[in-house]
Amino acid sequence: MRVVVQRVRYAGVDTPATGYSANIGQGLLVLAAFVDEDTDADLEWTARKIAALRIFDDADGVMNLSVRDTGGDVMVVSQFTLYASTARGNRPSYIKAAKPDTAVPLYGSFCRKMEDALGRGIARGVFGADMK
(Lines give C-alpha, C1' and ligand atoms only; values in the text may rest on other atoms or scores of the structure.)
Protein backbone atom coordinates (compact mmCIF):
# COMPACT_ATOMS: atom_id res chain seq x y z
CA MET A 1 0.00 0.00 0.00
CA ARG A 2 1.16 3.50 -0.79
CA VAL A 3 -0.45 6.73 0.31
CA VAL A 4 0.17 10.39 -0.27
CA VAL A 5 -1.19 12.55 2.55
CA GLN A 6 -1.76 16.21 1.73
CA ARG A 7 -2.96 18.89 4.12
CA VAL A 8 -5.67 20.91 2.40
CA ARG A 9 -7.90 23.90 3.04
CA TYR A 10 -10.38 22.48 0.55
CA ALA A 11 -10.50 19.42 -1.70
CA GLY A 12 -13.16 18.01 -3.95
CA VAL A 13 -13.83 15.50 -6.68
CA ASP A 14 -16.41 15.59 -9.43
CA THR A 15 -17.30 12.64 -11.61
CA PRO A 16 -19.16 14.15 -14.58
CA ALA A 17 -20.21 10.78 -16.02
CA THR A 18 -22.19 9.85 -12.91
CA GLY A 19 -22.89 13.24 -11.38
CA TYR A 20 -21.14 12.21 -8.17
CA SER A 21 -19.25 14.87 -6.26
CA ALA A 22 -17.70 15.09 -2.81
CA ASN A 23 -15.76 17.81 -1.07
CA ILE A 24 -14.17 18.62 2.24
CA GLY A 25 -12.96 21.66 4.08
CA GLN A 26 -9.71 21.88 5.99
CA GLY A 27 -8.16 18.51 6.64
CA LEU A 28 -6.42 15.77 4.69
CA LEU A 29 -6.61 14.52 1.14
CA VAL A 30 -5.33 10.93 1.05
CA LEU A 31 -4.42 9.33 -2.28
CA ALA A 32 -4.22 5.55 -1.81
CA ALA A 33 -2.96 2.71 -3.99
CA PHE A 34 -2.96 -1.00 -3.27
CA VAL A 35 -1.08 -4.17 -4.21
CA ASP A 36 -2.22 -7.78 -4.04
CA GLU A 37 -0.09 -8.43 -0.96
CA ASP A 38 -1.79 -5.78 1.20
CA THR A 39 -3.32 -7.20 4.36
CA ASP A 40 -6.03 -6.07 6.74
CA ALA A 41 -3.25 -5.27 9.22
CA ASP A 42 -1.58 -2.97 6.64
CA LEU A 43 -4.82 -1.09 6.10
CA GLU A 44 -5.48 -0.79 9.83
CA TRP A 45 -1.96 0.44 10.64
CA THR A 46 -2.01 3.00 7.84
CA ALA A 47 -5.43 4.38 8.80
CA ARG A 48 -4.44 4.72 12.47
CA LYS A 49 -1.13 6.36 11.49
CA ILE A 50 -2.81 8.93 9.22
CA ALA A 51 -5.43 9.78 11.86
CA ALA A 52 -2.68 10.32 14.45
CA LEU A 53 -0.13 12.25 12.32
CA ARG A 54 0.63 15.48 14.15
CA ILE A 55 0.85 17.76 11.12
CA PHE A 56 -1.47 20.61 12.06
CA ASP A 57 -0.41 23.70 14.00
CA ASP A 58 -1.38 24.22 17.61
CA ALA A 59 -1.99 27.66 19.16
CA ASP A 60 1.78 28.28 19.25
CA GLY A 61 2.26 27.50 15.56
CA VAL A 62 3.92 24.16 16.23
CA MET A 63 2.85 21.07 14.26
CA ASN A 64 1.44 19.29 17.26
CA LEU A 65 -2.14 18.34 16.34
CA SER A 66 -3.62 15.53 14.29
CA VAL A 67 -6.62 15.71 11.99
CA ARG A 68 -8.47 13.87 14.74
CA ASP A 69 -7.50 16.58 17.25
CA THR A 70 -8.59 19.41 14.98
CA GLY A 71 -11.83 17.80 13.83
CA GLY A 72 -10.64 18.26 10.27
CA ASP A 73 -12.13 16.48 7.28
CA VAL A 74 -10.60 13.57 5.39
CA MET A 75 -11.10 12.54 1.79
CA VAL A 76 -9.68 9.25 0.45
CA VAL A 77 -9.25 8.86 -3.31
CA SER A 78 -7.97 5.71 -5.03
CA GLN A 79 -4.89 6.44 -7.14
CA PHE A 80 -3.32 3.36 -8.73
CA THR A 81 -0.72 5.53 -10.48
CA LEU A 82 1.21 5.71 -7.19
CA TYR A 83 2.58 2.32 -8.23
CA ALA A 84 3.85 3.53 -11.60
CA SER A 85 7.22 2.13 -12.58
CA THR A 86 9.17 4.46 -14.85
CA ALA A 87 12.49 2.62 -14.76
CA ARG A 88 12.38 1.61 -18.43
CA GLY A 89 11.06 3.47 -21.41
CA ASN A 90 8.71 6.43 -21.41
CA ARG A 91 5.44 4.64 -20.77
CA PRO A 92 4.84 3.92 -17.06
CA SER A 93 4.06 0.37 -16.07
CA TYR A 94 1.35 -0.25 -13.47
CA ILE A 95 1.93 -3.99 -13.20
CA LYS A 96 2.45 -3.81 -9.42
CA ALA A 97 -0.86 -2.06 -8.74
CA ALA A 98 -3.67 -4.36 -7.64
CA LYS A 99 -6.31 -5.10 -10.28
CA PRO A 100 -9.84 -3.84 -9.56
CA ASP A 101 -11.12 -7.21 -8.28
CA THR A 102 -8.58 -6.94 -5.45
CA ALA A 103 -8.21 -3.17 -5.15
CA VAL A 104 -11.92 -2.29 -4.84
CA PRO A 105 -12.44 -4.33 -1.65
CA LEU A 106 -9.13 -3.05 -0.25
CA TYR A 107 -10.17 0.55 -0.95
CA GLY A 108 -13.54 0.05 0.72
CA SER A 109 -11.95 -1.60 3.74
CA PHE A 110 -9.34 1.13 4.04
CA CYS A 111 -12.03 3.82 3.95
CA ARG A 112 -13.97 2.05 6.72
CA LYS A 113 -10.81 1.71 8.80
CA MET A 114 -10.08 5.40 8.28
CA GLU A 115 -13.57 6.21 9.57
CA ASP A 116 -13.02 3.96 12.57
CA ALA A 117 -9.67 5.61 13.33
CA LEU A 118 -11.26 9.08 13.16
CA GLY A 119 -14.51 8.19 14.85
CA ARG A 120 -16.52 9.85 12.07
CA GLY A 121 -17.29 9.61 8.37
CA ILE A 122 -14.98 10.57 5.54
CA ALA A 123 -15.46 11.72 1.95
CA ARG A 124 -14.50 9.34 -0.84
CA GLY A 125 -13.68 9.39 -4.49
CA VAL A 126 -15.15 6.87 -6.92
CA PHE A 127 -12.88 3.92 -7.61
CA GLY A 128 -11.83 3.75 -11.26
CA ALA A 129 -13.83 6.82 -12.30
CA ASP A 130 -12.52 9.75 -14.31
CA MET A 131 -12.57 12.26 -11.47
CA LYS A 132 -11.86 15.94 -11.81
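The values are calculated or read from the model by the stated rules, or taken from the named source; none is laboratory data. Please read all numbers here as calculations on a predicted model, not as lab measurements. FYI the Cβ positions are ideal-geometry reconstructions off the backbone, even for glycines, and counts take in every protein chain you see. Surface areas here come from the heavy atoms of the whole protein model, side chains and all, with no ligands, DNA or RNA. Shrake-Rupley method; radii C 1.70, N 1.55, O 1.52, S 1.80 Å.
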>> Within segment 1-15, take every residue that is more than 18 Å from LEU118 (Cβ to Cβ) and among the charged types (D, E, K, R) and give me the one that is least open to solvent (accessible area, probe 1.4 Å).
In response: ASP14
> From the list THR70, THR86, which residue is hydroxyl-bearing (Ser, Thr, Tyr), out of contact with any Lys or Arg (no Cβ under 6 Å at 6 or more places or on another chain) and over 20 Å from GLY119 (Cβ atoms)?
Replying inline: THR86
> So which residues in segment 69-79 are open to solvent by 50 Å² or more (accessible area, probe 1.4 Å) and in contact with a helix residue (DSSP H, G or I) (Cβ under 6 Å, 6 or more places away or on another chain)?
Replying inline: none
> Condition test on LEU82, is it in contact with a helix residue (DSSP H, G or I) (Cβ under 7 Å, 6 or more places away or on another chain) and surrounded by 12 or more Cβ atoms within 10 Å (Cβ to Cβ)?
Replying inline: no
> Could you say whether any residue in segment 32-40 is out of contact with any helix residue (DSSP H, G or I) (no Cβ under 8 Å at 6 or more places or on another chain), closer than 24 Å to ALA117 by Cβ and not in a helix (DSSP H, G or I)?
Replying inline: yes
>> Among the residues that make up segment 21-28, is at least one of them aliphatic (A, V, I, L, M) and more than 16 Å from ALA129 (Cβ to Cβ)?
In response: yes
>> Can you pull out every residue in segment 98-122 that is open to solvent by less than 40 Å² (accessible area, probe 1.4 Å) and closer than 14 Å to ILE50 by Cβ?
In response: PHE110, CYS111, LYS113, MET114, ALA117, LEU118, ILE122
>> When you scan segment 44-58, do you find a residue that is surrounded by 16 or more Cβ atoms within 10 Å (Cβ to Cβ) and in a strand (DSSP E or B), even just one?
In response: yes
> Do you know which residues across segment 74-101 are in a strand (DSSP E or B) and touching a residue at least 60 places away in the same chain (Cβ under 8 Å)?
Replying inline: MET75, VAL77
>> It is to be established whether one or more residues within segment 21-28 are closer than 19 Å to VAL104 by Cα and surrounded by 15 or more Cβ atoms within 10 Å (Cβ to Cβ).
In response: yes
> Are there any pairs with C-beta distances below 7 angstrom linking a residue in segment 1-12 that is under 15 Å from LEU43 (Cα atoms) to a residue that is among the hydroxyl-bearing types (Ser, Thr, Tyr) and at pLDDT 95 or above, with the two at least 6 apart or on different chains, and if so which?
Replying inline: MET1/THR46; VAL3/THR46
> Right, SER66: polar (S, T, N, Q), open to solvent by less than 50 Å² (accessible area, probe 1.4 Å) and under 21 Å from ASP14 (Cα atoms) or not?
Replying inline: no
> Only one of these conditions is not met by THR18: (1) of a type in the set (S, T, N, Q); (2) open to solvent by less than 90 Å² (accessible area, probe 1.4 Å); (3) within 16 Å of VAL126 (Cα to Cα). Which number is it?
Replying inline: (2)
